[in-house]
Amino acid sequence: MTRESFREAMARVAAPVSVVTTLCREDGKPRAFTASAMCSLSEDPPLLLVCINRASRAHD
């Protein structure tokens, strides 16, 4: 992902709730959860800050 494409993607984030997807390290299967707090942390390298409740099943 380029710095410009990351910046453009972050400019399009409009909702306070985001669906976050990733691949599980153990089995390589996709996982997803909703996050009520997400923001860009850095453009170079492109990093997101995502907050997840410790009580959530997706936390671990």
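The values are calculated or read from the model by the stated rules, or taken from the named source; none is laboratory data. Computed from a prediction, not measured in an experiment: that's the story for all the values here. Here Cβ is always computed from backbone atoms with ideal geometry, including for glycine, and neighbour counts include all displayed protein chains. Note: areas computed on protein heavy atoms with side chains; ligands, DNA, RNA excluded. Shrake-Rupley method; radii C 1.70, N 1.55, O 1.52, S 1.80 Å.
Could you check the spin-label model distance between residue 31 and residue 19? Points 7 Å from the Cα along Cα→Cβ, value in nm.
Taking the two extended label points, one gets 1.8 nm.
Once you order the gyration tensor axes a ≥ b ≥ c over the Cα atoms, which shape class does the range 9-51 get: rounded for a/c under 1.5, otherwise prolate or oblate by comparing a/b with b/c? Let's see the in-between values first.
Working: a/c = 2.42, a/b = 1.44, b/c = 1.68.
In terms of gyration-tensor shape, oblate.
Where does each of 6, 33 land when they are ordered by accessible area, with a 1.4 Å probe and the largest first? Could you put the intermediate results ahead of the total?
Details: 6 15, 33 50 Å².
Listed by decreasing accessible area, they come as 33, 6.
Taking a 1.4 Å probe, which of 27, 44, 60 shows the most accessible area, and what order do the others take after it? Show your work: numbers first, answer last.
Working: 27 75, 44 115, 60 175 Å².
Solvent-accessible surface, decreasing: 60, 44, 27.
Taking the full set of protein chains and a 1.4 angstrom probe, give the accessible area of residue 22 in square angstrom, rounded to the nearest 10.
We get 80 Å² for residue 22.
Can you compute 3J(HN,Hα) from phi for each residue in the range 14-24, using the Karplus curve 6.51 cos²θ - 1.76 cosθ + 1.60 with θ = phi - 60°, rounded to whole Hz and x for Gly and Pro?
Couplings: 10, 9, x, 10, 10, 9, 10, 10, 7, 9, 5 Hz.
At most 14 other C-beta atoms within 10 Å and a DSSP loop state: those are the exposed trypsin sites (Lys or Arg not before Pro) I care about. Give me the longest piece of the chain that has none.
Numbers: sites that count: 12, 25, 54, 57.
Counting at most 14 other Cβ atoms within 10 Å as exposed, the longest clean stretch of the chain is 26-53.
Given 0.36 nm per residue, what is the gain on full extension from residue 5 to residue 60 after removing their alpha carbon distance, in nm?
16.8 nm
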